[in-house]
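Read through the structure below, which is laid out as structure tokens, and then see the notes.
No lab work stands behind these numbers, since they all come straight from the coordinates. Quantities reported herein were computed from a predicted structural model and do not represent experimental measurements. All Cβ positions, glycine included, derive from the backbone under ideal geometry; neighbour counts span all protein chains shown.
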Amino acid sequence: MVSLDTRNSYIESLKKNEKLSALYHLFWMEPLNTQERNKESDTDEIYFNSIDAILNDDGSAFTKELERISKRKLSPDTNAPFVHNDFLAFVLILGCKKFQKKTDWLKSLILLKPRNIIAITLDNIIEGNYKSNSNSQCLILVTLNLLGCDVDSELLDKAYREATITNNMGVSDLINLSRYRAFDLVVELKSPKRDVHGIFLAEFERKFLKRTKYLSNALYNLFLAVLLLAAYYAMQQLPSEIKAKINDIGIIIGIGGVGLLGNLIPSVRSRFKVFIQMLLGYSKRKIPNITSSN
């Protein structure tokens, strides 16, 4: 088993590598400030933006990045750096699974990679084959956790055994980091002290967060509708001479446009969702600080 000092030293070293640090934020589902990242190439920009889109549950932003990378032609002779970028491949596959996007281009990409444990696991994630013994069980556990899927005890046992095999460290940073995260998840999900009540609360929390997301979207759109109706009613009460000078339709469309723009900006939706969660009594300590970068 890897010592605590080794783990802490490795995690600390991530700060020196922006790509690894971004992957760490994704695995632990922590907010990521992509604007401060050093994007040396289009591939780097796609990588960081895709992680940001996944963390913010922004399917349209992810689709934009997927379309950018999918324009690149693939053939058996393709040997560009992005072909061997396992971080990028994993993030794109995760986003496709999360937002239910087509994976044809990614399947072709995986075929160009050496047939090692990473390529096999990524291919099986695309196909939904999470039970294969050829997979990296830790990477599968991390993936299912990020997708909000339930995991069984068999996978937790396999991931724990894999995470505690010291001599396998160093295969790749993608595998190494997934082992550290998987170990945390095993402890979290399979604690022997966890009773039925604790399991119920964890399941309730997962459903609560999912439902508050839909509730916040519905309430926000309802707020916009009420605002539009109130504006229309207020303008109907104006004297005729004033109404004649006002372009009612233009004002209504303007207000609606502002609301629609707010719907399209992830930070606005996130703030509204956080407000709903706090209003319903969710712990402030568990709500990501979405205003820290503003």
Q: Calculate, in whole percent, how much of the Cα-Cα pair population of the stretch 1-105 lies beyond 22 Å.
A: 34
Q. Listed here are the pairs 19/97; 98/210; 16/190; 71/102; 16/97; 19/98; which of them are more than 25 Å apart at the Cα?
A. 16/190; 16/97
Q. What ranking do 43, 121, 78 get, fewest neighbouring Cβ atoms within 10 angstrom at the top?
A. 78, 43, 121
Q) Per residue, how much space in cubic angstrom lies within the convex hull of the C-alpha atoms of the stretch 4-189? A) 118
